[in-house]
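Before any comments, here is the structure.
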Amino acid sequence: MRERSGTPRAVVPRAAAVPGAAAALVLALLLLVIVRLPWVGDLGMHAATVERLRHRLADPGNPLVDADTPSPYYSPWTLLLGCLARLSGLSVFVVLRVGALAGLALLVTGVWRYVRTLSAHRAAPPLALLGLVLLWGTVPLNWSGFLGLNSLALTVSYPSVCALGLAFHLWARLARALRGPAGRGTWPGLGALWAVILLCHQFSGVVASLGALATVLAARAGPAVWARLGAGLVLGLAVLWWWPYYDFFALLGAGGSLEPVHRPLYRDLPGRYWLVLLGVAALVPRWRRDHRDALVLFFALGALVFAAGGLSGHYSWGRALPAALLPAQLAAALEPVRAGRRAVRAGWACALAGALAVGAWAQAGTVGYVVGRGALPEPVAARYRTPWTGYHWITPWVRYGDVVMARTLPARQIPAYGAYTVAPGYPDFFLPDEERRREAVRRYFAAGTPEAVRRDIVREYGVRWVVDRGAGPRGDGLRAVARGPGGQVLYRVR
């Protein structure tokens, strides 16, 4: 049920002013981060995806290697950004900044709308935003789909932020539809929105699905509502089946290749999430008030999937952890403004303020993405993670569509500038010769590989350039043409 504030009307604006100002500061910081667009992680993958769509909208091929294969990165969101890049002529990194602004707007408005279905208090939405970005732990976790401040700063241009923003809108619209009359297009629209979320970011789509299920179970829906939900679900499945850029249902068989990548999600759980325990405690009184509270059910479903993944070795299921974190963070934010005794609310407010302060200090290094590490006090600078420098220095020579021989870390960035690499920098379920390509890169850079073998590899994959540190692979077939950061050298293949 929607909670009502027990605070007198004259006090409400004053009570909402402090969390509102704090939330505004956090949003201002994120806007400044978008201007800088720090690069760590998957930014190169998303930039490459937009770049391929700019050049070949209908049939872009693999975003990282020169192969005609589908890719789950071709989502409705990246398609929209690709169209923007194609029509406007803006550089891919400018387009990603525009996408970051739109994704952040979707997230903020989605949280605002969803929290309004849970509480009428004016301070509830800003408190919820603060809880979502600050109630984590003292060991920062940077992963797409996880809304910690530092993680959000690095992933704000990723499709996961857009998908989570749409998920909050989905839950808000679903909650309202379950409470009263809904138009004919409401349920099909919800089904289509659910499919779009899954296509944009599959893991956030799982979180969205668990949240929607919790919302329906909490509403104690009758047979007529379940029938409408079923019709919407059928439409959503049709959209997933119809999507032309990749086979969504084929991803159900991709678990084996993803498990090693996601195993770290099950490490150092206390350090990464101990502040969320305040939210777990806040779920207890919610459960006592209503055994079918939406946030309680949401948390239970998310915790169950996460635990099942750890126990069974399906570590990719760990990406469902936000389905447990988000409801707990929201519960902690809402408990101080619920109806009830003032002393109890004051106690929760003090606990929340302390936890938010600790969380803000733990993620203070995020400020470095705006001002640079040199401007930070040493205790804050110790929490700062230096972004990647990128490979813009190769662009005067390397053209769109050229193939570059590079190791894994450069291969995660070079395709952002339009080139291909021999092996992808990330696991690619749809690339049938992925392991053969990785082996070719290993053999090329191995010290004892004969020159004739290297020439065969270059010929097979159409390699025109080589990027490596130091002297690089020896042989008469290479000529150094440029030098970059960290002793890297760009070689032209003769």
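The values are calculated or read from the model by the stated rules, or taken from the named source; none is laboratory data. No experiment lies behind these values; they were computed from the predicted model shown. Every residue, glycine as well, gets a Cβ built from its backbone with ideal geometry; the counts of neighbours run over all protein chains shown. Please note that ligands, DNA and RNA were not included when accessible areas were found on the heavy atoms of the full protein model with its side chains. Shrake-Rupley method; radii C 1.70, N 1.55, O 1.52, S 1.80 Å.
Among (1) in contact (Cβ under 8 Å) with a residue 40 or more places away in the chain; (2) on the phi < 0 side of the Ramachandran plot; (3) crowded, with 17+ Cβ neighbours inside 10 Å; (4) assigned to a loop (DSSP other than H, G, I, E, B), there is one condition Thr389 misses while meeting the rest; what is its number?
Condition not satisfied by Thr389: (3).
Which count do you get for residues in the range 178-219 that are aromatic (Phe, Trp, Tyr) and in contact with a Lys or Arg (Cβ under 8 Å, 6 or more places away or on another chain)?
Here the count works out to 2.
Could you pull out the residue among Leu90, Leu64 that is of a type outside the set (D, E, K, R), closer than 18 Å to Val35 by Cβ and part of a loop (DSSP other than H, G, I, E, B)?
When all the criteria are applied, what remains is Leu90.
Can you tell me which of (1) part of a helix (DSSP H, G or I); (2) more than 29 Å from Tyr461 (Cβ to Cβ); (3) open to solvent by 10 Å² or more (accessible area, probe 1.4 Å) is the one Arg122 doesn't meet?
(1)
Exactly one of these conditions fails for Val225: (1) at pLDDT 90 or above; (2) closer than 27 Å to Val115 by Cα. Give me its number.
(1)
For Phe249, which of the numbered conditions (1) over 30 Å from Arg179 (Cα atoms); (2) of a type in the set (Phe, Trp, Tyr); (3) modelled with pLDDT of 95 or more fails to hold?
(3)
Looking only at residues that are touching a residue at least 40 places away in the same chain (Cβ under 8 Å) and either surrounded by fewer than 17 Cβ atoms within 10 Å (Cβ to Cβ) or among the aromatic types (Phe, Trp, Tyr) (or both) in the range 343-357, which one is nearest to Leu277 (Cα to Cα)?
Top of the filtered list is Ala351.
Any residue that is in contact with a helix residue (DSSP H, G or I) (Cβ under 6 Å, 6 or more places away or on another chain), open to solvent by less than 10 Å² (accessible area, probe 1.4 Å) and free of Cβ contacts under 8 Å to residues at least 24 places away in the same chain - is there at least one of those in the range 315-334?
There is no residue in the range 315-334 that is in contact with a helix residue (DSSP H, G or I) (Cβ under 6 Å, 6 or more places away or on another chain), open to solvent by less than 10 Å² (accessible area, probe 1.4 Å) and free of Cβ contacts under 8 Å to residues at least 24 places away in the same chain.
So which of Phe306, Phe298 ends up being open to solvent by less than 10 Å² (accessible area, probe 1.4 Å), aromatic (Phe, Trp, Tyr) and at pLDDT 95 or above?
Checking each option against the conditions leaves just Phe298.
Yes or no, residue by residue, for (1) touching a residue at least 60 places away in the same chain (Cβ under 8 Å); (2) assigned to a loop (DSSP other than H, G, I, E, B); (3) of a type in the set (Val, Ile, Thr):
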{"site": "Ala102", "(1), (2), (3)": "yes, no, no"}
{"site": "Tyr114", "(1), (2), (3)": "yes, no, no"}
{"site": "Leu147", "(1), (2), (3)": "yes, yes, no"}
{"site": "Leu178", "(1), (2), (3)": "no, no, no"}
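Evaluate the range 176-194: report whether one residue or more is of a type in the set (Phe, Trp, Tyr) and under 30 Å from Arg54 (Cβ atoms).
Looking for residues that are of a type in the set (Phe, Trp, Tyr) and under 30 Å from Arg54 (Cβ atoms), one finds at least one in the range 176-194, hence yes.
What about Gly131, is it in contact with a Cys (Cβ under 6 Å, 6 or more places away or on another chain), part of a helix (DSSP H, G or I), in contact (Cβ under 8 Å) with a residue 40 or more places away in the chain and surrounded by 21 or more Cβ atoms within 10 Å (Cβ to Cβ)? Break it down into steps so the answer makes sense when it comes.
Details: in contact with a Cys (Cβ under 6 Å, 6 or more places away or on another chain): no; part of a helix (DSSP H, G or I): yes; in contact (Cβ under 8 Å) with a residue 40 or more places away in the chain: yes; surrounded by 21 or more Cβ atoms within 10 Å (Cβ to Cβ): yes.
In short, no.
Checking the structure you have, find out if any residue of the range 215-227 is open to solvent by 50 Å² or more (accessible area, probe 1.4 Å), in a helix (DSSP H, G or I), touching a helix residue (DSSP H, G or I) at 6+ places or on another chain (Cβ under 6 Å) and not polar (S, T, N, Q).
yes
Limited to the range 238-254, what total is found for residues that are over 16 Å from Pro76 (Cβ atoms), part of a helix (DSSP H, G or I) and of a type in the set (A, V, I, L, M, F, W, C)?
Total meeting the criteria: 3.
Listed residues Trp136, Trp143; which is buried (at least 23 other Cβ atoms within 10 Å of the Cβ) and either under 23 Å from Ala212 (Cβ atoms) or not basic (Lys, Arg) (or both)?
Every option except Trp136 fails the conditions.
Between a first residue in the range 454-468 that is closer than 11 Å to Arg443 by Cα and a second residue that is open to solvent by 10 Å² or more (accessible area, probe 1.4 Å) and of a type in the set (Lys, Arg), which pairs have beta carbons less than 7 Å apart while being 6 or more apart in sequence or on different chains?
Sorted first by the residue in the range 454-468, then by its partner, the pairs are Ile457/Arg443.
Among all residue pairs at least 6 apart or on different chains, which show Cβ distances below 7 Å where the first residue, located in the range 206-233, is closer than 14 Å to Asp293 by Cα and the second is open to solvent by 20 Å² or more (accessible area, probe 1.4 Å) and charged (D, E, K, R)?
Going by the 7 Å Cβ cut-off, the qualifying pairs are Leu217/Arg292; Ala218/Arg292; Arg220/Arg292.
Do you know which residues across the range 281-305 are under 18 Å from Ala212 (Cβ atoms) and part of a helix (DSSP H, G or I)?
Kept after step one, since they are under 18 Å from Ala212 (Cβ atoms), are these residues of the range 281-305: 292-305.
Passing the criteria: Ala294, Leu295, Val296, Leu297, Phe298, Phe299, Ala300, Leu301, Gly302, Ala303, Leu304, Val305.
Would you check which residues across the range 362-372 are open to solvent by 40 Å² or more (accessible area, probe 1.4 Å) and farther than 12 Å from Asn150 by Cβ and list them?
Val371
Going through Thr69, Thr49 one at a time, which residue ends up being of a type in the set (S, T, N, Q) and either open to solvent by 60 Å² or more (accessible area, probe 1.4 Å) or in a helix (DSSP H, G or I) (or both)?
None of the others qualify; the one that does is Thr49.
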